[in-house]
Ligand SMILES: [Zn+2]
């Protein structure tokens, strides 16, 4: 029997030598970030007394298909452990964003109450909730314990890793899907071939696979080196996505850009070859070329900018420490683990990081540097001199919200270029 996907679309655990997308043998190094812990394995108090695992973290670039990738893959079972903490439902921005996404896709693909929408990596079911409110049948596929939260919220959810076999099981039980969506998963998985072949098996003949993932153009322009962590095996360009889907019976028919994850790409792949392709595809390919994503020099400049930002940030922290100023961190997204560990910031320089009162991360510790994560009510109580925005890609709404709650501290934006925003200038 003909294999459903190329062997190189399964990424084995360990050192990766060839391009994960196109199998090109010569990857080029952009940044070597040393050994780093897993960014979503926050530590409990007892774990502080045990050894902590680290893995190589190197940002590489493929000159052939332009995808940025890591050259070490941690076993997915270690990364997506049962207590994996991410929950999109808790931030209002994401809820609003995902409701917009479900409305837009319903109109674009004329979904009806008979249509089935499947979200793979559905997390707590927030995105599907949007489709459900529009009267469409939904099903989530989510490998972690968060599946339970989704079910409790009324979203039918299968707790499994998505495979071709699971796709066939779903099809038998629920019928074919008109639309498969996946958000913030495509960078992560080792089983890319299994995933795309499974999506193909589950879709109706005219079905569409919509995949939203963070976007290399935004990462490069925004100096977002902190989006490199072990979960993000690949950061795509459109050119790389087209290359990725080439061996499959899909056509990339449309593409959109958005703001989520500090800049994302929403790619639409319609089942079948030679489909009508929207002008957005050629336009974005041209933009990528113009932005230099096909040239190594672009990535050398990116690396230099990161190194400058680090020196400026560390200079500031040490100077503030000498003057006796209190500098703390706000928000503990996965990217903060890369930022603080790679820059070398410990609890002497940043004694705590705050999270909102509903966060599952409270009372845990930052991997690597062991900085405690505390309730953000402490910010209002202590009014530190400076608050470093570790979710700096969402700086404006966060600063406004904290100021509205009575915070008088000034804000530090660590990337892409270090700068200070005075509290009086936040409006
Ligand atoms: Zn490649």
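Between the helical axis of 164-174 and the longest alpha-carbon principal axis of the chain there is an angle of about 70 degrees. Beta-bridge orientation, the chain: approximately 55 percent antiparallel, per DSSP, counting only bridges with both partners inside. What angle do you read, to the nearest 10 degrees and between 0 and 90, between the alpha-carbon axis of helix 92-108 and the longest principal axis of the chain? Once rounded, the angle reads 20 degrees.
Show that you can apply the helix-only estimate: for the chain, add -39,500 (n - 2.57) for every DSSP H stretch of four or more residues, divide by all residues, and state [θ] at 222 nm to the nearest 500.
-9500 deg cm²/dmol
With springs only between Cα atoms under 10 Å apart, run a GNM on the chain and tell me which of 190, 383, 69 wobbles the most. It is 383.
Step by step: find N for the range 346-407, compute 2.2 N^0.38 Å, then divide the Cα radius of gyration by it. What's the final number?
Relative to the 2.2 N^0.38 Å estimate, the range 346-407 comes out at 1.09.
Pop the C-beta distance of residue 169 and residue 378 into the FRET formula with R0 = 60 Å and round what comes out to the nearest 0.05. Please list the in-between numbers first.
On the way: r = 47 Å, r/R0 = 0.79.
Once the sixth-power term is evaluated, E becomes 0.80.
For the chain, the longest principal axis of the Cα atoms and the long axis of helix 279-290 meet at an angle of about 40 degrees. Taking the DSSP bridge list for the range 296-421 and keeping only pairs wholly inside it, about 25 percent are antiparallel.
Classify the range 97-203 as rounded, prolate or oblate from the Cα gyration tensor: take a ≥ b ≥ c as the square roots of its eigenvalues, call it rounded if a/c is under 1.5, otherwise prolate when a/b beats b/c and oblate if not. Rounded, because the longest to shortest axis ratio a/c is under 1.5. I'd like the distance between the alpha-carbon centres of the range 242-305 and the range 1-44, rounded to an integer number of Å. Answer, in whole Å: 20. Annotation: extensible slack from residue 283 through residue 17 equals 92.6 nm (criterion: 0.36 nm per residue apart, minus Cα-Cα distance). For the range 1-133, the equivalent ellipsoid derived from the Cα gyration tensor has semi-axes of 33, 25, 15 Å, listed largest first. Where the alpha-carbon atoms of the range 276-367 are placed on the principal axes, they occupy 58, 34, 19 Å, in descending order.
Separation of the range 350-427 from the range 162-194 is 37 Å, based on Cα centroids. Highest mean first, the peptides 325-334, 128-137 sorted by other C-beta atoms within 10 Å per residue fall in the order 325-334, 128-137. Sorting 209-217, 38-46 by their mean Cβ neighbour count within 10 Å, with the most densely packed peptide first, gives 209-217, 38-46. Size descriptors for the range 313-425, from the alpha-carbon set: Rg then Dmax equal 12.7, 34 Å. Scaled against 2.2 N^0.38 Å for its residue count N, the alpha carbon radius of gyration of the chain is 0.98. The listed peptides 103-112, 265-274, 225-234, ordered by packing as a protection proxy, come out as 225-234, 265-274, 103-112 (highest mean of other Cβ atoms within 10 Å first). Here the relative contact order of the chain, from alpha carbon pairs under 8 Å that lie six or more residues apart, stands at 15 percent.
Taken along its principal axes, the alpha carbon cloud of the range 88-294 reaches lengths of 46, 39, 31 Å, longest axis first.
None of the figures in this text is laboratory data; all of them are computed from the coordinates on show. These numbers come from a predicted model, not from an experiment. Glycine also receives a Cβ, built like all others from the backbone with ideal geometry; neighbour counts cover every protein chain displayed.
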